[in-house]
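Before I ask anything, here is the structure I am working with.
The values are calculated or read from the model by the stated rules, or taken from the named source; none is laboratory data. Source: prediction; values computed, not measured. Methodologically, a virtual Cβ is constructed for each residue, glycine included, from the backbone with ideal geometry; neighbour enumeration extends over all protein chains shown. Note: areas computed on protein heavy atoms with side chains; ligands, DNA, RNA excluded. Shrake-Rupley method; radii C 1.70, N 1.55, O 1.52, S 1.80 Å.
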Amino acid sequence: LPVVWVASQPNILVVHPDVPAKSVKELIAYLKSQPGKLNYASSGSGAAAHLAGELFKSMTKTDMVHIPFKGAGPALAETLSGRTQVMFATALSVKAYIDANRLRPLGVTTIKRMTTMPNLPTIAEAGVPGFEATTWHGLVAVAGTPRPILARLNTETNAVLKDPQVSKFLESQGAIIEGGTPEKFAAHIKSEIP
């Protein structure tokens, strides 16, 4: 049973600096001219990064080879080395590498730009209208949990999310705090399934 939608986490489409694309449009053009040449890393088959890559391929009618790893750490290491060239990664995990010019950011996967990287366009505005692939986190309870307990969990979690120390920490991790009612979270889950 949905309790509360805790936070959303933007992902960033990054490429290794050896990839000649400097924008989403240039990456699409490169992928169309060199189908199957680039590999994209993910934290595993069926993971959010894998699904983001497949959505990108589908919406752009391009081809990249999916290379799944056992976790985001190994996927990121291979992209930093250049053995894989493309990755959809959480903002926090790649920010330092972007700042050090070890990865090139092309776009953020959310509908709105990130406040921490306001010059980075969304993938939707950079050439793939409607693209959105966001990681989100929420609190759920087992089926049959009594309503008063669900209500208390929701109230207490929302209070914690409003605590300045908690919100500052989550935002420093690249999270966008959501909060709200169980109904809001249930509607979000329902919208994500298709």
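Go through the stretch 58-72 residue by residue and tally those that are modelled with pLDDT of 95 or more, assigned to a helix (DSSP H, G or I) and either open to solvent by 50 Å² or more (accessible area, probe 1.4 Å) or not polar (S, T, N, Q) (or both).
Number of matching residues: 2.
Sticking with this structure for a sec: Would you mind stating whether Thr90 is under 15 Å from the mean Cα position of the chain (by Cα), surrounded by 18 or more Cβ atoms within 10 Å (Cβ to Cβ) and touching a residue at least 60 places away in the same chain (Cβ under 8 Å)?
Criteria met by Thr90.
Just the residues that are of a type in the set (D, E, K, R) and either open to solvent by 70 Å² or more (accessible area, probe 1.4 Å) or closer than 16 Å to Ser8 by Cβ (or both), please, taken from the stretch 159-173.
Hits for the stretch 159-173 are Lys162, Lys168, Glu171.
Where residues in the stretch 97-116 are open to solvent by less than 70 Å² (accessible area, probe 1.4 Å) and out of contact with any helix residue (DSSP H, G or I) (no Cβ under 7 Å at 6 or more places or on another chain), which of them is modelled with the lowest pLDDT?
Thr110
Of all residues in the stretch 174-194, which are open to solvent by less than 70 Å² (accessible area, probe 1.4 Å), closer than 12 Å to Ser8 by Cβ and either modelled with pLDDT under 90 or assigned to a helix (DSSP H, G or I) (or both)?
Gly174, Ala175, Phe185, His188
Continuing with this model, one more query. Output the number of residues of the stretch 15-57 satisfying the condition of being open to solvent by 40 Å² or more (accessible area, probe 1.4 Å) and hydrophobic (A, V, I, L, M, F, W, C).
Adding up the residues that qualify gives 4.
Determine the pairs where a residue that is under 14 Å from Val19 (Cβ atoms) and without any contact (Cβ under 8 Å) to a residue 60 or more places away in the chain, located within the stretch 97-108, has a partner that is open to solvent by 60 Å² or more (accessible area, probe 1.4 Å) and part of a helix (DSSP H, G or I) with Cβ atoms under 9 Å apart, the partner being 6 or more residues away or on another chain.
none
Inspect the stretch 141-156 for any residue being under 30 Å from Pro2 (Cβ atoms) and in a strand (DSSP E or B) and give the result as yes or no.
no
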